[in-house]
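Participant: Here it is: the structure, laid out below.
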Amino acid sequence: MWGKSFAAALLGLPLSTGLVGLVVLLWPGPLQLHTLPWLLLSFPVWIGAMAWAFACRSGLRAWLWLGGATLLCFAALYAVKALGWVELPA
């Protein structure tokens, strides 16, 4: 149970931040219009990410799933920005 709790506490927020950031960047339209609503939805996404850790069978699986998802999210964020698929305001 401690492994799942630490995975939820340490990886839940970065995962939710990465997911919401990816959605905000890829959502069509100007960033100023849709950033705030998605940021307000980041708390429920964070709770869902933390709950996902407790759905795993063991603490190791929770670390692997949440850690892998977090790495994948931030790699996708980096790739989207590096490939120029979005135009960020200066």
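Participant: Roughly how compact is the stretch 1-46, stated as its Cα Rg over 2.2 N^0.38 Å to two decimals?
Facilitator: With N residues counted in the stretch 1-46, Rg over 2.2 N^0.38 Å equals 1.37.
Participant: May I pose another question? From the P(r) of the stretch 43-90, can you give the percent of Cα pairs sitting at distances over 13 Å?
Facilitator: Counting every Cα pair in the stretch 43-90, those more than 13 Å apart make up 65 percent.
Participant: Give me log10 I(q)/I(0) at q = 0.23 Å⁻¹ for the stretch 21-66, Debye formula, one equal scatterer per alpha-carbon, no solvent.
Facilitator: -0.77
Participant: For the chain, modelled as a GNM with alpha-carbon contacts under 10 angstrom, which of Ser42, Ser16, Ser58 fluctuates the most?
Facilitator: Looking only at Ser42, Ser16, Ser58, the largest GNM fluctuation is found for Ser58.
Participant: If you don't mind, another one. Need one number: the % of Cα-Cα pairs in the chain sitting beyond the 22 Å mark.
Facilitator: Summing the P(r) tail past 22 Å for the chain gives 32 percent.
Participant: Can I ask one more? Nearest 10 degrees is fine. How inclined is helix 2-26 to the longest principal axis of the chain, computing both from alpha carbons?
Facilitator: Approximately 10 degrees, to the nearest 10.
Where a number appears in this text, it was derived from the coordinates with a stated rule and is not lab data. Everything numeric in this text was worked out from a predicted model, so none of it was measured.
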